[in-house]
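The values are calculated or read from the model by the stated rules, or taken from the named source; none is laboratory data. For clarity, every value in this text was computed on a predicted model and none was experimentally measured. Methodologically, a virtual Cβ is constructed for each residue, glycine included, from the backbone with ideal geometry; neighbour enumeration extends over all protein chains shown.
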Amino acid sequence: MTQAWLFDFGNTRLKCAPLRRGGDAGDVHALAPHDFDDLPRGDVAYVASVAPEASRVALIEALEQRFRRIAIARTTASFDGLHIAYAHPHKLGVDRFLAMVGARNAWPALIVGVGTALTLDLVDHGGRHRGGRIAPSPTLMREALHARAAQLPPSGGAYAEFAEDTEDALASGCEGAAVALIERSTHEAERLLGVRPRVLLHGGGADALRAFVPHVELHPSLVLDGLARWATLEQPA
């Protein structure tokens, strides 16, 4: 039985992976975010969560039945060579924090998370977080448009530079807005740092944008990678 497991609980997704002896994340498993019957068992559960409070508490209660100890990761002003830009660390989501930690070997890097929100964080070669951006993801844009105008479908369509029907126009506009923000941020990051950063893409919506962002690198498990590093250095209370 694997002794330690890593859990990344977002707004709509729950992923977990065993913590390997070498200190990295093992194979990633996707679990139902509201049905915890398939949770693994072990000695220690390391948890990173940006889910709503009620969902987070429900997960913790389920893990308490399966693990002897639970350690919850939180954002700190500095960790493992990373120094965040926020004056109040608790305001930076732990998923963004851990993704930057997980990208440690790729600094300088522009780290782009595509989930419910589109997040971008720039880290220079010395581990200094130079700040970031938060915007709606393409999926959230589609859902928001549909909520305000029901005739606009919340999904479907294909990207085109100039679409010839509504579904394609919606896909092109929402995905194109995200691509433009990534490209603008990459340009400004290069101007600020004097070198072009690596662009690392992660999150559930990363695949849809990958083809439209030049020089992008797909790293789907960055949060779990960072959590594995945090778990390796974490000291039990």
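Yes/no per residue for (1) at pLDDT 95 or above; (2) assigned to a strand (DSSP E or B); (3) not assigned by TED's automatic domain parsing to the domain that holds Gly126:
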{"site": "Asp8", "(1), (2), (3)": "yes, yes, yes"}
{"site": "Arg21", "(1), (2), (3)": "no, no, yes"}
{"site": "Ala71", "(1), (2), (3)": "yes, yes, yes"}
{"site": "Asp95", "(1), (2), (3)": "yes, no, yes"}
Worksheet item: What about Val101, is it surrounded by fewer than 14 Cβ atoms within 10 Å (Cβ to Cβ), outside any loop (DSSP other than H, G, I, E, B) and β-branched (Val, Ile, Thr)?
Response: no
Worksheet item: Restricting the first residue to the range 83-96 and requiring it to be closer than 18 Å to Asp124 by Cβ, which pairs with a second residue that is modelled with pLDDT of 95 or more and charged (D, E, K, R) meet a Cβ separation below 7 Å and a spacing of at least six or different chains?
Response: His83/Arg128; Ala85/Arg130; Arg96/Asp121
Item to complete: Would you check if Val213 is crowded, with 22+ Cβ neighbours inside 10 Å, under 15 Å from Leu120 (Cα atoms) and touching an Asp or Glu at 6+ places or on another chain (Cβ under 9 Å)?
Response: no
Worksheet item: Applying the selection to the range 43-66, what residues are assigned to a helix (DSSP H, G or I), more than 14 Å from Leu14 (Cα to Cα) and touching a strand residue (DSSP E or B) at 6+ places or on another chain (Cβ under 7 Å)?
Response: Glu64
Discussion item. Of everything in the range 121-132, what is within 22 Å of Ala177 (Cβ to Cβ) and surrounded by fewer than 23 Cβ atoms within 10 Å (Cβ to Cβ)? Give them in sequence order.
Written reply: Gly131, Gly132
Worksheet entry | Every residue from the range 154-201 that is assigned to a helix (DSSP H, G or I) and basic (Lys, Arg) | Arg184, Arg191
Worksheet item: Restricted to the range 23-42, and to residues that are free of Cβ contacts under 8 Å to residues at least 40 places away in the same chain and part of a strand (DSSP E or B), which residue is nearest to Gly203 (Cα to Cα)?
Response: Ala30
Discussion item. I'd like to know if the range 39-53 contains one or more residues that are within 18 Å of Ala103 (Cα to Cα), outside the structural domain of Leu118 (by TED's automatic domain parsing) and within 17 Å of the chain's Cα centre (by Cα).
Written reply: yes
Discussion item. Restricting to the range 202-237, and then to whatever is more than 25 Å from Pro18 (Cβ to Cβ) and assigned to a loop (DSSP other than H, G, I, E, B), can you tell me which residue is modelled with the lowest pLDDT?
Written reply: Pro214
Worksheet item: Out of all the residues in the range 136-153, is one or more touching a strand residue (DSSP E or B) at 6+ places or on another chain (Cβ under 6 Å) and modelled with pLDDT of 95 or more?
Response: yes
Worksheet item: Is it true that Val123 is closer than 20 Å to Thr76 by Cα, of a type in the set (A, V, I, L, M) and in contact (Cβ under 8 Å) with a residue 24 or more places away in the chain?
Response: yes
Worksheet item: Could you list, in sequence order, the residues of the range 194-211 that are touching a residue at least 40 places away in the same chain (Cβ under 8 Å), of a type outside the set (Gly, Ala, Ser) and closer than 15 Å to Leu118 by Cα?
Response: Val199, Leu200, Leu201, His202, Leu209
Discussion item. So Asp35 passes all but one of these: (1) at positive phi; (2) over 21 Å from the mean Cα position of the chain (by Cα). Which condition number does it fail?
Written reply: (1)
